[in-house]
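Notes follow once the structure below has been shown.
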Amino acid sequence: MASMCRTHTICVYEWQMLYMSSINLSSFDFRTFDPEGIIFYGDVGKDNWFVLGVRDRHIEVQMSNGNGQMVLSKWGPDVSDGKWRKVTVDSTINTIDVRVNGEVVVMLTFHVKNELVTPSSSTLGIILGDLPANSDVQLLRPLVPALDGCLQNWAWVKKNTEALDHAMETDENRRCFHNVEPGAFFPAHGYAVFKPSAFPTKDKDSWRLTLQLSFRVLEEGGILLGLYGAGSISALTITLDLEKRALEVSLLGKLGHSLKFPSGVCLKEWQTVNVVIQSEQVVLSTTEASSSMDILLADFKALKDVWLDPHSQISIGGTSEQAEPGARFSGCLKITLQGTTVELDSAQYKHPYVHSHSCPLAI
C-alpha cells in the first residue's frame, strides 16, 4: 500500500511520457472532510492542463486543451464525508472519464484538432493539493486550492512512483492520520492568522466579543486564541493551562479571568467553553459551570479599539514559530467567533502543517 499523502502539503512529480499515444489511467483512494479544494493538477505544457477538484462536496473537473477551457461537474456522491473512495481518471486522445467507486461522475468526448493527433514526447507534471506556484493558470470557476484530504494506493499513468512513495515516507508532515474526525488540527508549531474584520460586528455601539471554543488536547496546552494590536501588543489571549487545568483569559497582559475544569473532566476529549467579554465583565461558561468577573471599563474600551483597528491580527493555535514551546497549543479546535464559524482555509496566513478540516483520533 502506498503511503498516505496529505493533498494540501504540496507534492510534485514529473514523468517523461509519449503524450496522447495511449490511454492515461490514474487511480487512488481518496478521503476528505473538506468541501472544496484541488485534489491534483496535471500539466503536459502548451496550455494543456487538467484539474481534479472538489466543489460543494462533489467532484469537479476543469481542463484546458486545444478546444479551450471547460468545467465539468455533473453528479456523484458527497465525497466530503470522511470515507475512503476509489477514484479513477481515464483519458484518451478524445475522452475524459472520471469515476468514484466505479460510478461515472464526469464523462466527456470531444473533437481534437488535427495537429494534436500526432503523438509527441512530453513531460507530465502532477501537483497534489494546489496549482503551480507563480503560474498563469486561471480557472474558469476559481477554487480555494488548499484541500485537507488524503490519498493512498495511488497509480499515476502507469509510471513508477517509487521516488514519490519515498518522499511520503520520509516527511511525516506529508502523511495522513489513519483515523480522523471533523475539526482542525494544530501541531505544536502550527498556527493561523486572521484580521478581525473577517468577523464583522453588527452593532459597533453595543459591541462585545463572543467566542465558542471547542478543543481536544493531543499533546500540549497553550494559546487557543490571541488578539494583537500594532507592534504585536497583546490585547487578549485565551490560554489552556494543562498544569492548572484551567482556561485563562488575559486582557492587555493582565489575567482577567480563569475557569478551572473539574477533576473528572478529561481534556483529551472534546470540551466546549463559551467566552463573552462585554462592558465591565468577562463571562465564561461550560455545560458544567458558569462564572463571571468584573473588568475595568477602560480595559474593555482598549480591547474594542484594538479589535476595530484594521492593523490588528487574530492568531489561533499559537502566535509564531519563534514563540516559546509552552505557548503553542497542540490539538484539535473548532471556533465560532462573533457568531461566525472560523474557516481556516480563508486565513490570512496558515502554517502548512495545520489540518483545516481533519482531526486525528489518536497520534
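The values are calculated or read from the model by the stated rules, or taken from the named source; none is laboratory data. This one's a predicted model, so the numbers in the text were calculated from it and none came from an experiment. As a convention, Cβ positions derive from the backbone with ideal geometry for all residues, glycine included, and neighbour counts pool all protein chains shown. Please note that ligands, DNA and RNA were not included when accessible areas were found on the heavy atoms of the full protein model with its side chains. Shrake-Rupley method; radii C 1.70, N 1.55, O 1.52, S 1.80 Å.
Taking other residues whose beta carbon is less than 15 angstrom from the beta carbon of residue 286, and scoring Lys, Arg as +1 and Asp, Glu as -1, yields +1. Placing +1 on the Cβ of every Lys and Arg and -1 on the Cβ of every Asp and Glu, with nothing else charged, gives the stretch 275-354 a dipole about its Cα centre of roughly 160 debye. Simple point charges give the picture: +1 on the Cβ of Lys and Arg, -1 on the Cβ of Asp and Glu, and for the stretch 212-363 a dipole about the Cα centre of about 160 debye.
For the stretch 227-299, GluC sites (Glu not before Pro) meeting the loop criterion (DSSP other than H, G, I, E, B) and having at most 16 other Cβ atoms within 10 Å: 243, 269, 280, 288.
A straight line joining the Cα centroids of the stretch 219-290 and the stretch 21-68 runs 43 Å.
For residue 305 and residue 341, what is the calculated FRET efficiency with R₀ set at 25 Å and r taken between the beta-carbons, to the nearest 0.05? It comes to 0.45. With both labels modelled 7 Å from their Cα along Cα-to-Cβ, the residue 246 to residue 81 distance reads 4.5 nm. For the stretch 220-329, the set of trypsin sites (Lys or Arg not before Pro) satisfying both a DSSP loop assignment and a count of at most 15 other C-beta atoms within 10 Å is given as 244, 245, 268. If you sort the three axes of the alpha carbon gyration tensor as a ≥ b ≥ c, you get a/c of 1.5 or more for the stretch 265-363 and a/b no higher than b/c, which makes it oblate.
As a fraction of the 1.4 Å probe accessible area of the stretch 252-363, surface on carbon and sulfur atoms comes out at 54 percent. Computed extension length for residue 101-residue 197: 30.3 nm, one decimal, from 0.36 nm per residue of separation with the Cα-Cα distance subtracted. Label-to-label distance for residue 73 and residue 55 is 0.3 nm, based on points extended 7 Å past Cα in the beta-carbon direction. Pairs 304/334; 260/334; 254/350; 86/195; 83/244: which exceed 30 Å Cα-Cα? Beyond 30 Å between Cα atoms: 86/195; 83/244. Site pair residue 181 and residue 46 shows an inter-label distance of 5.2 nm when each label is modelled 7 Å from Cα along Cα→Cβ.
Students often get this wrong: which residues of the stretch 36-71 have the backbone nitrogen under 13 Å from the point 7 angstrom along Cα-to-C-beta of residue 136? It comes to 46-48, nothing else.
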